[in-house]
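The structure under discussion appears below in the form of structure tokens.
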Amino acid sequence: VWPPTTSVTWTGNTSTDWFTLSNWSPAELPDETKDAVIPIVTNYPIINTADSAKCKSLNVTNGILVVESGIFKITNDLTLGAGAILGIGDASSTLLVGRDWNSASDANFLNGNDTVIFTSSTGSAYLTPRNAVFNHILFSGTSTIFLVVSTFAIVINFTISIVTVYLNTIGSTFTIGR
């Protein structure tokens with residue numbers, strides 16, 4: 001297909017299965033070369049598989065995405081728009097984010113016993129997770145990470161490996177542990 005598809009939008013026309021082509025417009029799965037857009041629809045996408053789901057950038061505009069199990073790799077940016085919900089299931093769920101995390105003030109990140117790994121390896125990455133609470137978080141790669149938050153909470157593990165992390169907001173509250 002020329003020109004190649006650079007973005008696909010979730011329709012949920014058939015089911016909630018991320019890997020069903022007819023749930024996407026155009027009917028192609030997102031991958032490292034395609035952005036995924038998730039608007040609000042009746043059948044919101046669920047990733048529940050040992051297979052890895054992936055996309056270039058993820059924009060949950062005002063919809064819902066649930067990762068019940070498996071690995072979800074976002075090569076570039078994660079954006080949660082107004083009213084958006086990103087839910088992560090259990091300890092078998094891992095979210096890999098390659099660049100920036102941007103959340104609207106009323107977006108929701110619902111953690112299970114999740115692991116979130118920031119893997120940026122070039123330049124700088126900005127994390128603006130707003131009200132997100134993380135269970136297990138790892139900063140890896142070689143980028144400089146800027147946390148732009150007013151409140152940042154990690155329940156279980158906080159690991160920094162190789163990268164430089166800057167807390168970029170005056171008057172912020174950072175909570176690590178229960």
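Structure values in brief
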| read-out | value |
| --- | --- |
| Built amide H within the under 5 Å cut-off of residue 61, gap 5+ | 38, 81 |
| Residues residue 110 and residue 5, FRET efficiency given R0 of 30 Å [Cβ-Cβ distance, rounded to 0.05] | 0.50 |
| Calculated FRET efficiency for the pair residue 68/residue 121, C-beta based, R₀ 35 Å, to 0.05 | 0.80 |
| Highest average packing first - 77-84, 25-32, Cβ atoms within 10 Å | 77-84, 25-32 |
| Cα gyration tensor, the stretch 25-133 - rounded (a/c under 1.5), prolate or oblate | rounded |
| Residue 41 long-range amide H proximity, modeled H, under 5 Å | 64 |
| Cut-off under 5 Å, modelled amide H: who pairs with residue 108 long-range | 84, 85, 86 |
| Within the stretch 57-82: backbone nitrogen closer than 19 Å to the residue 28 label point (7 Å, Cα to C-beta) | 57-59, 73-77 |
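Coordinate-derived values only; no laboratory data. Small disclaimer: the values here were computed from a predicted structure and weren't measured. Neighbour counts are summed over all protein chains in view; Cβ atoms, including those assigned to glycine, are modelled from backbone coordinates with ideal geometry.
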